[in-house]
1. Hey, for a label at Leu373 modelled as a point 7 Å past Cα toward Cβ, could you say which residues of region 120-140 have their backbone N under 19 Å away?
2. What is the list of residues in region 506-530 whose amide nitrogen lies under 14 Å from a point 7 angstrom out from the Cα of Leu606, following Cα to Cβ?
3. Extension gain Asn314-Arg569, at 0.36 nm per residue separation less the Cα-Cα distance, in nm?
4. Considering Cα pairs under 8 angstrom that are at least six residues apart, work out the relative contact order of region 18-172 and quote it in whole percent.
5. What value, in deg cm²/dmol to 500, does the helix sum -39500 (n - 2.57) over DSSP H runs of n ≥ 4 give at 222 nm once divided by the residues of the chain?
6. Contour minus end-to-end for Leu599 and Arg502, with contour as 0.36 nm per residue of separation and end-to-end as the Cα-Cα distance?
7. At a threshold of 8 angstrom on Cα-Cα distance, excluding pairs fewer than six apart, so keeping six or more, what relative contact order does the chain reach in percent?
8. Between Leu281 and Tyr430, how high is the FRET efficiency from 1/(1 + (r/R0)^6) when r is the Cβ-Cβ distance and R₀ = 51 Å? Nearest 0.05.
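Nothing in this text is a laboratory measurement; each read-out follows from the coordinates by a stated rule. A quick note: this is a predicted structure, and the numbers were derived from the prediction, not measured. Don't worry about glycine lacking a Cβ; one is built from the backbone with ideal geometry, like all the others, and counts go over all protein chains shown.
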Amino acid sequence: MEIRSRVRDWLLANDPAFSRLRQATRITATIVSSVLLLMAFHYLVAPLPSAAYGLAVSLSIEGGLAVRDRTHGEQLVTRVIAVVAGVSMVALASLLESHRYVSDVVFLLIIFLAVYGRSFGARWFAVGMFAFMSYFIGAYLRPTADQLPALFLGAAVSATVAHLVRTVLLPDNRYRDLMRAAASVQQRVDQMLEELLDVARKPMLLETDRTRLHRREERLKEAVLMAESFIPTENRRPEPEPGLASSDVVINLFDLHLAAESVIVLSLQAMPPVALIEAMLARNSAEIEAETARIDRTNERLAETVKALSWLRNVRQRLAGSLSKLDEHDLDDPSEPESGRAATRLNLSFDNPALKSAIQITLAAGIAMVFGLMLSRDRWFWAVLAAFLVFTNTRSRGDTAVKALQRSAGTLFGIVVGIVAGTLVAGNIYLVLPLSALCVFLAFYFLAVSYATMTFFVSVVLSLLYSLMGVLTPELLQLRLEETLIGSIAGAAVAFVVFPTRTRTSLDLAIKSWCGELTGLLQAAKEGASGMALIVRSQALDRAYRDLAAAAKPLGVSWQLVTRPGHVRQTLAIFMGCTYWARVFARRVADEAVDPTFLSDIDENLALVRSIEEKGAGYFYDVGRVSGPVDRHLPISKDDAGLGLEMIGISLNRLHPAVG
């Protein structure tokens, strides 16, 4: 039981709400169940072609990743449409098999429509992915017309199993997920305290220690944002007030995040005693009180650090109490009327990002197709698949280049390991199938963490399946690597040449969004908005900072900007610090007396935000423009809104020292 508890705690600490675990389990369970059902049909009723299994497996994956509708009914409708579209694509590929050039052109048209269709909502994103993968399977495995009923069976079984797994075996449960996410938050606070304990035992604070503590704070932020995402407070009423159970949880999550950040900020200036941190980790109240009483109160900064630890302890208890009062119905999401859903219209102008993306991916797939065909008439589809996928979930050409590199590296190492694994199992079905299922699970468990790791495990799975079919050879795997490189290079090249979205452009947009959220928070405070409304705005600023950090991520790649990663991290740290002080301000401003000086300070900060927005991404590129950190500590008291406002201005001036 103790081992089970430790495993659960480790999973919660590293996978908030078990979201990655659930997704990987869903996809693996869908694939395994679908394949077993088809195998039973194969041996008990009638033989099935390999294309039926291939289609079932690919659609099982897409059914777990691409179907994102809000309700179970909407998901079922999407799956039905997607199966019809998928089987139609296989039939079309089969019909055009004898007309290869026409088939290739049609494939590119399907890619264009699949990508452009994403702009019409989650349903058509899923349908597009089903259509693309189905045509891919049809053109790759070349089923005959008489095999189409078997392919329909494979697709239908896959969709049915995926729906049952999603709704019955592993359903979404907002209340359960919130409780797990909240447990993850508590686990990550403990991890932060453990890191702090390790640093406190050292004779001197090093820069690496600061980095480690800030990394723990970032991980805590991830868990808090995930927990907040399960609480539909914003959708329930414009300005929810304390007293509502879900609102109390929001406030306590907010306070917990703020208290944990304050512990880090203050500890970096006055490290707390080791014994006090140990007592905090042990949750030993008597020892905490004893250690607190021993603190030298004449050391103002140390006293503030201890006060922050006490605040953290109290708010953790309050969060547990507010969660215990929460009912599942407190998290119900109001149904959205059909009239309230914005309809997307057909827009074929080059100002439409969806059209640009469709042209980019289609062109990249076309280039990959041409060069892939030069290499192999039978295996060129891997090049097209790579070109298609390297654009998924990327926001700039730098993002695409990084993903292309990750896919190529993952494929290379996966092939090396796959050759060894495939040789060892020697096509033994009783070893290949369990190992393949394990690798599928690991691939999608790590998908959200590392695209290269996901590609690595998928490559190992393919090697195992090749060994099962008796076609595993180094030459075949080398060909797959070469086709993958062709597709990855084609995708990266198109991203840099055709409608290029520079990393700087993405950063500009992210900074504009962040500045817009900070402006909204300051303006709302100036107009006397309620405390809860300001907290909601501060949460939006948190999300904008997360997007900003993601947009800046390609700049940290050493091969792209050899001399700048340190400067990029410094600049990003200023945005993170400003976001923190905005959180302090939002939490305390309701207690602040609003006077002309206070309003004048808000106006000055608003002017600073506008100047930051005008400069945009330039701060990440102009090395040496960022000034050093400010030596200032936070008094943990109820009148610190003024300090929060002051520190927002100081942080902004570090980015834009010419102002103020």
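1. 135-140, by backbone N distance to the label point.
2. 516-529
3. On the way: separation 255, 0.36 × 255 = 91.80 nm, distance 3.24 nm.
Extra length from Asn314 to Arg569 when fully extended: 88.6 nm.
4. Details: 201 pairs, mean separation 59.7, N = 155.
After rounding, I find 39 percent.
5. Working: 26 runs with 483 residues, N = 660.
-25000 deg cm²/dmol, from helical runs alone.
6. On the way: separation 97, 0.36 × 97 = 34.92 nm, distance 3.83 nm.
Between Leu599 and Arg502, full extension yields 31.1 nm more.
7. Details: 889 pairs, mean separation 82.9, N = 660.
For the chain, the relative contact order is 13 percent.
8. Values: r = 46 Å, r/R0 = 0.91.
Between Leu281 and Tyr430 the formula returns 0.65.
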